[in-house]
Structures are given as C-alpha cells and as structure tokens.
Amino acid sequence: MIAIRDWGRNVQETKTMSLEALRVTIPDYARDTRINLSAIVSETLLTEQQKWGAILAAAHATGFAPLIRAAAADAEGRLSAAAATAAKSAAALMAMTNVYYRALHAMKNAEYTTLRTGLRMNILADPGVDRGDFEFWSFVVSALNGCGACLDAHEEELRKRDWPATHVQAGLRIGAVMNAAAAVLRAETS
C-alpha cells in the first residue's frame, strides 16, 4: 500500500495506474468508498461496454487526472476505441449541457426555455455506439453534474429502450462512487 504522504508523487511518477492500485490508497476513513469501488468494478447487471463506458465517462466527469488515467487503463481491452471515444464524448457533452439545462431549470424566467439553445450537440445523432449505452453514460455524468432536467431526459430515453430500473440505478452507483473516490483522493493529494 502506498503511504498517503507518498501517494501524489507515486501517481505522478506512474503513467498508468489501475483502479485497484488507486483503490488501495484510499484511507480507512473512506473505507466505504474503497469497498464500493470494488463493487462497481465487479458489477454484473450491466454489459462490459455499459459498465466500463460508465466508469470512464464518470472518471472524465470528475476531472481528476489520476482517476481518469486509471479508468482508461482498466477500460482498455474492455471497450472498443469507438466506445471509449463515445464515453469521453458523453462526459464532454454533459459538461456543457448539464450547466445549460441546470441553469434553465434554476431560473425563474421561463422564457429562456423557449429559445433555441444554440449549442452544437451533433454527437447525439451518431455517437458511434448503441444509443442506449450513450444515453446511459450521459445519465451517469448528469448525476455527477447534478442536472435534474438532464437526469430526467436521459432516464426517459433509457426507459423507452426498456432499461430496467436496476440497471439505471447501477449507473447512479457508478457515478456516486467515482465522484467519492475522486473527492477523497483529491483531498489526500492537496
């Protein structure tokens, strides 16, 4: 186990680190996060593409580089290049749209909801993977970004595709755990 005081240096010295290697550096005060990180990696409700795309998208949404690198390393070989790109695209797109729609939802003046967004979102037409998987990854990232309007929209799309509530909930767990891991590890390295 890497001592917390040495963790930041070791992560910076190591180009590729697995989620397991990061997991073992999570201190005891956050042992639930450590246990839950193992649980999401072992998740069996989802396909490998759904699970690893969600983990990669969530890692990107945290913005924490060591977690992004670890998720990418673990997703390699489990996701096609197109799926990895789509997962990262979902995170990038939601970084923009979650802010926009969250703001519209929070504003008193409803007039803004009637205006054209003016934001390019062409990836939605052809994400390069199954549209349901892309919607799922967008849902996971929307949970991390706290956009209720986007959560509702993506959940509705998943339900139209007959996604069971248990599978959608698995996405919420992935987002929550990746966010917690990033928060703990970021705090320990600052």
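Working from Cα positions, state the angle (0 to 90°, nearest 10) between the long axis of helix 81-106 and the longest principal axis of the chain.
60 degrees
Between the alpha-carbon centers of segment 151-190 and segment 70-85, tell me the distance in whole angstrom.
Using only Cα atoms, the two centres lie 18 Å from each other.
Relative contact order, percent, of segment 4-189 when contacts are C-alpha pairs under 8 Å separated by at least 6 residues? Before the final figure, lay out each step's value.
Values: 219 pairs, mean separation 59.4, N = 186.
For segment 4-189, the relative contact order is 32 percent.
Per the Kirkwood formula on distinct C-alpha pairs, the Rh of segment 23-104 is how many angstrom?
With all distinct Cα pairs of segment 23-104 included, I get 13.7 Å.
If you fit an axis through the alpha-carbon atoms of helix 4-13 and take the longest principal axis of the Cα set of the chain, what angle between them do you get, 0 to 90°, nearest 10?
70 degrees
Starting from the 7 Å offset along Cα-to-Cβ, what nm value, one decimal, do you get for the label separation of Ser80 and Leu119?
About 2.8 nm separates the two model spin labels.
What angle, in degrees between 0 and 90 and rounded to the nearest 10, separates the Cα long axis of helix 165-189 from the longest principal axis of the Cα atoms of the chain?
Here the helix axis deviates by roughly 50 degrees.
Under a point spin-label approximation (7 Å from Cα along Cα-to-Cβ), what is the Ser190-Met107 distance to one decimal in nm?
Here the modelled spin labels are 3.0 nm apart.
Calculate I(q)/I(0) for segment 116-190 by the Debye formula, one identical point scatterer on each C-alpha and no solvent, and give its log10 at q = 0.14 Å⁻¹ to two decimals.
One equal scatterer on each Cα of segment 116-190 leads to -0.52.
Among Asn36, Asn179, Asn109, whose mean-square fluctuation peaks in a Gaussian network model of the chain (Cα, cutoff 10 Å)?
Asn109
Would you count, across the chain, every pair of lysines whose alpha carbons are under 25 angstrom apart, provided the pair is eight or more residues apart or spans two chains? List each step's numbers first, then the result.
Values: Lys15/Lys51; Lys15/Lys88; Lys51/Lys88; Lys51/Lys160; Lys88/Lys160.
For the chain, qualifying lysine pairs total 5.
Can you list residues whose amide H is under 5 Å from Met17's amide H, if they're 5+ apart or on another chain and H is modeled 1.01 Å from N?
For Met17, whose amide H was placed from the backbone, the distant partners under 5 Å are Ala70.
What whole-number volume per residue, in cubic angstrom, does the convex hull of the C-alpha atoms of the chain give?
129 Å³
With runs of 4+ DSSP H residues as the only contributors, calculate the mean residue ellipticity of the chain at 222 nm using -39,500 (n - 2.57) per run, divided by the residue total and rounded to the nearest 500. Don't skip to the answer; put the middle values down first.
On the way: 9 runs with 131 residues, N = 190.
Computed ellipticity for the chain at 222 nm equals -22500 deg cm²/dmol.
Any read-out appearing in this document is the output of simple, stated calculations on the displayed coordinates, not a laboratory observation. Computed from a prediction, not measured in an experiment: that's the story for all the values here. Reconstructed Cβ throughout: ideal geometry from the backbone, glycine too, with neighbour counts over all protein chains shown.
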